[in-house]
Amino acid sequence: MHFKLTNPTEAMKTNRPPMIECLWLTLLAIALAGCGNPADGVEEARVSEPTPPPAAPADSGTSASTSAPELNPAPAQPPVPAGADVKTYAISADSTIGFTGSKITGSHSGFFEKFSGTISVADGTIVSPSSIEIDMDSTTSDSEKLTRHLKSEDFFDVAQFPTSVFSLTGIKATENGHEISGQLTLHGITKNIAFNADIDITESEILLIAKFSIKRFDFDIVYKGRADDLIRDEVVIQLDVTAESS
């Protein structure tokens, strides 16, 4: 008895008309592309724990407390130069804050419809106070079912954590633009975060564009999905922010 090993792909091609063959290959390419991680090749934000406040000195004659200090959620904002004229810009409704998450079989994109904030500038540099607050109930995605799931306890838990806040703690020029440092509070968790951005400041407006990834597990968003369709840790964040002079 003789057996002939046949390539499954070649077998599927047998007697297939050229048009069907072309369509099959196109669908295969799309399916394979959908399995890729959107975070591949995207800068990963530098994330760390907030710095704890200095321990209070122990009273004379008593022993110092051995309990660990609580993490300080209040950011140490960059100082305003003495005598500087501080100008405030309000974040425009034309701005977008988007995200892309993925699982092993594909990806989904979304954005936040409602957010507000201001950016302060002194001597051409962004300074304190500069922050943005996101209404997490305004989360929107490319699937109504997914949007509802994102707002649930499995992900953002909007009922318990209705807002997320990013507060600037520092900014510096780099060879590739600027590095922005700040504190991000998401899902009730506060972390230091730093990422690169392109920034353009004029008398009338500020333009800020950035694309980076964060790991949702860092913010205790740990829902894994189905065993045969696991959700990836990395989430790509895209900022296209315009702030106008008030």
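The numbers here are math on the coordinates, done by the rules we state, and not lab data. This structure is a prediction, so every number in the text was calculated from the model and none was measured. Here Cβ is always computed from backbone atoms with ideal geometry, including for glycine, and neighbour counts include all displayed protein chains.
Derived scalar couplings between HN and Hα for segment 111-123 equal 7, 10, 7, 10, 7, 8, x, 9, 10, 9, 10, 9, 6 Hz in order, rounded to whole Hz, by the Karplus curve 6.51 cos²θ - 1.76 cosθ + 1.60 (θ = phi - 60°), x for Gly and Pro. Rounded to the nearest whole Hz, the Karplus-based 3J(HN,Hα) values (6.51 cos²θ - 1.76 cosθ + 1.60, θ = phi - 60°) of segment 219-235 follow the sequence 10, 6, 9, 10, 4, 9, x, 6, 4, 9, 7, 5, 8, 6, 6, 6, 10, with x at glycine and proline. Each label point was placed 7 Å from the Cα along the Cα-to-Cβ direction; for residue 176 and residue 42 their separation is 1.5 nm. Taking a point 7 Å from the Cα of residue 223 along the Cα-to-Cβ direction, the residues of segment 130-157 with backbone N closer than 19 Å to it are 135-157. Across segment 196-203, rounded Karplus estimates of 3J(HN,Hα) from the backbone phi angles (6.51 cos²θ - 1.76 cosθ + 1.60, θ = phi - 60°) give 8, 8, 9, 10, 10, 10, 10, 5 Hz, Gly and Pro being marked x. A cut-off of 5 Å between modelled amide H atoms, ignoring neighbours fewer than 5 places along the same chain, links residue 107 with no other residue.
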